[in-house]
Structures are given as C-alpha cells and as structure tokens.
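Colleague: Structure in structure tokens, see below.
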Amino acid sequence: MTTAEDAAHAGLIKVGGRPPLREYVTEVWRRRVFIYSMARFKIESENQQNSLGMLWVVLKPLMNALVYGMIFGLLLGSKSRPEHFIEFLIIGVFVFEFFAQSWTSGGKSITNNAALVQSLAFPRMVLPLAGVTQRFLQFLPTVGIMLVFLVISGGFGAVDLQWLLIVPIFALFYVFNCGLALVTARLSVHWRDLNNFLPFLTRFVFYTTGIFFSVEKRFGPTPTDPDGHQLLLRLLDFQPVHEFLSLARFALLQGPDYSVDGRYWLYATLWSAGLFVFGLWFFWRAEERYGRVD
Amino acid sequence: MSTEPSNRRPAVIVDDVHVKYKVFATGKRPSDADRKVLSVRGRGKQMRTVHALRGVSFTAYENDSIGVIGTNGSGKSTLMRAIVGLTSTSSGSIYAQSRPSLLGVGAALLRDLSGERNIILGGLAMGLTMREIEESYDDIVSFAGLEKFIDLPMRAYSSGMTARLKFAIASTRTHEILIVDEALAVGDRTFRKRSEARIREIRDNAGTVFLVSHSMQSIKDTCSRVIWLDQGTLVMDGEPDEVIAAYQEAQDK
C-alpha cells in the first residue's frame, strides 16, 4: 500500500486540500452565529474608543448627508437634478455607503485577520461574510434615519405601502455585497495591491453611478441633443449599483422621475444570485491558500 | 524509528516532505551557487531558494505528544506550518485527521476586541456552540489567569497574557490536533506548569499535540516522543530521554 492509501484507510485527509463545496458550505452555515457575533462585536469595538460611543452609528450617516447635501445641494448646481433632490441625494448616499463599506471590509477581511486565520482552523468564508454583515447591521439604523427624514420632508402623506419594498431590495443588496466581498477577498489574497485600489474603485463607482445626479436626466434626450446617450443609458441598465439605487428610490419616492423599469427587479435578482453563487465557488477554490505566507 | 504499534490510529502522516522557499535576496551575495537572476523584474533583485525541509517522514498517532527540537533554523516551525497547511510543500504530502490549530508566538486573535469576545469568537470559529462556550467560559478565563483583564481589548495584553489566552481557547477541544510553537515560552512558571498538565490531558483524550520548545525540561515533562530536526532533515525520532541526550551531546560538541 502507498502512503496515500494508508492515509485514506485511516480516515485522514490531505493537508492543503479542501472539503467538497457542499460540505464546506454546510460548515459555513453551522458558523452563522460566528458571523453575526463577529459583526456585532466589531461594531462595538469600533465605537468603544470614542466618547460618543454607539451614537456614532447614527451620527456618521447624518454627517455624511450633511456634507453631501451642502456640496451638491448648495454649492454645485446642476441641470441633471430630479425633483425632491435632497431626498434623492440622501437615499443615494446612504445606500452607496453600505455598498462601499461592505466592499472594503469584506474585501480586506482575510488580509486583515491574518492572526486569526493562521491560528485557528475554520472555514475562512465566514470572515468576508462577517464583514458584510457588520456593514449591513450598521446600515439598518441609517435606513431608520432615512425614513424619518422622508416623513419630515414630505409629511405623513409620503408614507405608503410601497415603502415595504425596501425589505426585499436591501436583502438582495446584502446578498449582492456578500458575493462581491467573496470575490474581492480572494483576489486581494493573490494580489495584495488590490487593497490599495479599493478606495479608488469605490470612488469611481460613486461618481459614475447616479448618487448626486440623475442618470436619466444627464444622459437622456435634451433639446440640444434629442437622442441623448442611448448606449450609455443601456449600459447603466446593467450596472448593479444603479439598479439597486433606482429600485430603492422607486420604493421610497413618488413622482414621474422615480418610476422604474420592471426589468430592474429581474436584473438585480440575477446579479445578486449570480455573483453570490460565483463568489461561493470562487472563494472556496482557494480555501487552502488563505493565511499562507509563501 | 520509534515504536509503532499498528493498533493505534494515526493522526498525522508526514510523507517525504520537502519545502523550498523562494526569497528575494537583497544585500550581499552569500554564494553564487543557489541564486538565479530574475530578468523580468529588472536587475539587482535576485531569487534565492532556501531548502527548509529536505525529506521529512513520520507518523503521529492519537495519544501522542511529540516534542520537536533542533537549533534555530533547523526547520521546526516550517514543519509545523506545513502540517497546518500554511506553507505548501514542494514535494511529498501530509495527511491529517482534522485541520490542526497552530499556536505560535505573536499577534492576538482579534486585537481590538476584549478577551471575553475573543473567547466567544474563537470558540464559535472552532465550531463550538454558544452553549458549549458558556459552559467552558469560566474554565478558559481561570486557566488563562485573566479574571481581572478579560474585559480589556487584547491589544492591551502583554505577550504572555496573549499567549495564555490563545492557548486556553485553542485547547478547549481536547480531541483535536494542537500545535504549540514556542507559544508557552513567554508564559510564566505557573502557567507553564498548568499548560503542561493540559497537554497531557489532551494526549489522554485521544488528541495529538506537537510541542516546539527549547526547554528540554518542558519536553521531558510533557512529551511521549521527541523528533530532532537539523538543517531540514530528521535526525532522530524516539524516546524523549534518548533523543534529548543525543541532541545535547551534539550541541555541546
């Protein structure tokens, strides 16, 4: 008998291999409490050293809205603005913040937790998922602020049942962000420089997605250019962050500027499911690689 | 070779393992022999190959506690990292019953979180349930001797306290494979005694422990078998007293 057969006979597995995908996913699912607890503890510890403590969970998005509101609402005027610009902007900034933060913490989760990865044996996939979950938990109070703001600015007349649509929209967005984090986390292990590119990538998405301008107004038909940039608009139809933003604004705001193409639901769902499944597979493929130093 | 009764279950099989590191060398050239110039990356940067392990083979069984000795740079830590899978082998294979935990000297698990949070997360990561962690929580804290500091973030801990807590967490599951690489050296005397007792306990519970140490006394006190590495090869594998005596003789020469 060869050593390999001996080992298999004794029930040993080759070190540096990985369990089958199904078994691996089961192991990750068994650690869902880990994912949730890590997310919660990280939020606490991030705020522990500040004298205002957990208040920052609410303060941070408020300050963000204030800064962006001042810059884009007062200082920089533009023709490509829809009605209810401030509400439009706040939804854009808050939802984008969740996306950018998830991308960054999820993407860096393996490289930033090297000590944990190198000491204990566990499926590494829990780390990027915990990173995104942390940002999701921080996003929830932000949603609360957003809704309160909408009520203040629009009166109770603004409240309608359509608001409930944000539940499936943000759930889908969470799944999408998990998929993106899984792919990025693996890539940044192979290529550490990616961590340095992430801030630029998120900023690029920030300025190209319709956060503080309406994509439809900016690139749509105008009196001087009756065709508009049709190709760009079609391309943006397939840009996931733009889809999620449009859906969220459609759910929360009224008016002709905020109708949404029904296909966006389909696209957003396909993006989320597709990227998540691909991310699971892609991350798992390099499981034995995480934590290695060579 | 050591005694290998066939009725014991193997926990780790190391089969003719070679590990080579490729390192970018800077500064003075030690020799021309093992160096080649990487033309793609431009002049000046040279790649050297360090042959850290040269064909190591042995089998570790359940109820084994194996001391690993050798001079600095003999390949002890490389072998331990290879067993965990943190270093890939250039040739040869390693088989293990479960993925081992490796305790080395160094960083805390999650330095921004308190000791208490680290215990919970460490336990959850290893696959314990919340209830199991609650049950063993007090044991872990008192074992690590950190009752007064458990609510402080781990970045405030001394290296000895960090090592104690990590060891206490990782050794909660007694039936697994645990690799302790010099991690106990920073602990004080009382803790060393306590951890040695814990290692014996793991061994008795069908676990397998590797202990890398320069303290021959700790190895004699805890290990049932000793492996001596020198320049990446296995020099001797056998009874602790025998191997340690031979090692010390070679050192004194």
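We did not get these values from a lab; they are worked out from the coordinates using the rules stated. Quick caveat: nothing in here was measured; it's all calculated off a predicted structure. So basically every Cβ, Gly included, is an ideal-geometry build from the backbone, and we count neighbours across all protein chains shown.
Colleague: I'd like the distance between the alpha-carbon centres of segment A:235-294 and segment A:59-137, rounded to an integer number of Å.
Modeller: So the two Cα centres are separated by 15 Å.
Colleague: In addition: Pick out, from A:Phe204, A:Phe98, A:Phe85, the residue whose Cα sits farthest towards the positive end of the charge dipole of the protein assembly as shown, with +1 on the Cβ of Lys and Arg and -1 on the Cβ of Asp and Glu.
Modeller: Farthest along the dipole direction, towards plus: A:Phe204.
Colleague: By how many nm would the segment from A:Asp6 to A:His229 grow when fully extended, if each residue of separation counts as 0.36 nm and the alpha-carbon distance is taken off? Numbers along the way, then the final one.
Modeller: Working: separation 223, 0.36 × 223 = 80.28 nm, distance 6.64 nm.
Gain in length upon complete extension: 73.6 nm.
Colleague: Using the 10 angstrom Cβ neighbour count as an exposure proxy, how do A:Ser105, B:Ser91 rank, fewest first? Don't skip to the answer; put the middle values down first.
Modeller: Working: A:Ser105 24, B:Ser91 12.
Lowest to highest Cβ neighbour count: B:Ser91, A:Ser105.
Colleague: With charges only on Cβ, +1 for K and R and -1 for D and E, what is the dipole size of segment A:19-290 about its Cα centre, in debye, rounded to 20?
Modeller: On the way: 22 positive and 18 negative charges, 150 e Å.
Magnitude of the dipole: close to 720 debye.
Colleague: For segment B:98-204, just say rounded, prolate or oblate: build the C-alpha gyration tensor, square-root its eigenvalues into a ≥ b ≥ c, call rounded for a/c under 1.5, and beyond that prolate if a/b exceeds b/c, oblate if not. Intermediate results must be reported in sequence, preceding the final value.
Modeller: Details: a/c = 1.39, a/b = 1.06, b/c = 1.31.
Judged from the Cα gyration tensor, segment B:98-204 comes out rounded (a/c under 1.5).
Colleague: While we're here: Along the charge dipole of segment A:19-290, pointing to its positive end and built from +1/-1 on Cβ of Lys, Arg, Asp and Glu, which listed residue (A:Ile169, A:Gly154, A:Phe72) has its Cα farthest out?
Modeller: Ranked along the dipole, the leading option is A:Ile169.
Colleague: Placing +1 at every Lys and Arg Cβ and -1 at every Asp and Glu Cβ, with all other atoms neutral, what dipole size does the protein assembly as shown have around its Cα centre, in debye to the nearest 20?
Modeller: Values: 59 positive and 52 negative charges, 296 e Å.
The calculation lands at about 1420 debye.
Colleague: Taking a cut-off of 19 Å between Cα atoms, list the aspartates and glutamates near B:Lys253, but don't count ones fewer than 8 places away on the same chain.
Modeller: Qualifying aspartates and glutamates at Cα under 19 Å: B:Asp230, B:Asp241, B:Glu242.
Colleague: Just counting partner chain Cβ atoms within 10 Å, what average do the residues of peptide A:163-169 show around their Cβ? List each step's numbers first, then the result.
Modeller: Working: counts 0, 0, 0, 0, 0, 0, 0.
That average works out to 0.
Colleague: Under 15 Å Cα to Cα from B:Lys148, which aspartates and glutamates show up? Leave out anything in the same chain fewer than 8 places away.
Modeller: B:Glu116, B:Asp138, B:Asp139
Colleague: Counting other beta carbons within 10 Å of each Cβ, put B:Val19, B:Val186, A:Val28 in order, fewest first.
Modeller: B:Val186, A:Val28, B:Val19
Colleague: When the helices in chain A are scored as -39500 (n - 2.57) per DSSP H run of 4 or longer and the sum is shared across all residues, what 222 nm value do you end up with, to the nearest 500 deg cm²/dmol? Intermediate values should be presented prior to the final figure.
Modeller: Numbers: 14 runs with 197 residues, N = 294.
Calculated at 222 nm, the ellipticity per residue is -21500 deg cm²/dmol.
Colleague: Take the alpha-carbon centre of segment A:1-57, take the same for segment B:154-216, and report the distance between them in whole Å.
Modeller: Between the Cα centres of segment A:1-57 and segment B:154-216 lies a distance of 22 Å.
Colleague: Taking a ≥ b ≥ c as the square roots of the eigenvalues of the Cα gyration tensor of segment A:19-290, is the shape rounded (a/c under 1.5), prolate (a/b larger than b/c) or oblate? Could the numbers behind the result be given before it?
Modeller: Values: a/c = 1.95, a/b = 1.54, b/c = 1.26.
Here segment A:19-290 falls in the prolate category.
Colleague: What pairs in A:Lys42/B:Lys166; B:Lys22/B:Lys166; A:Lys108/B:Lys76; A:Lys108/B:Lys193 have C-alpha atoms more than 27 Å from each other? Before the final figure, lay out the partial values.
Modeller: On the way: A:Lys42/B:Lys166 19 Å; B:Lys22/B:Lys166 31 Å; A:Lys108/B:Lys76 30 Å; A:Lys108/B:Lys193 39 Å.
Listed pairs above 27 Å: B:Lys22/B:Lys166; A:Lys108/B:Lys76; A:Lys108/B:Lys193.
Colleague: So, one more: Remind me, relative contact order of chain B in percent, using alpha carbon pairs under 8 angstrom and six or more residues apart? Can you show the working numbers first?
Modeller: Values: 474 pairs, mean separation 65.3, N = 253.
It rounds to 26 percent for chain B.
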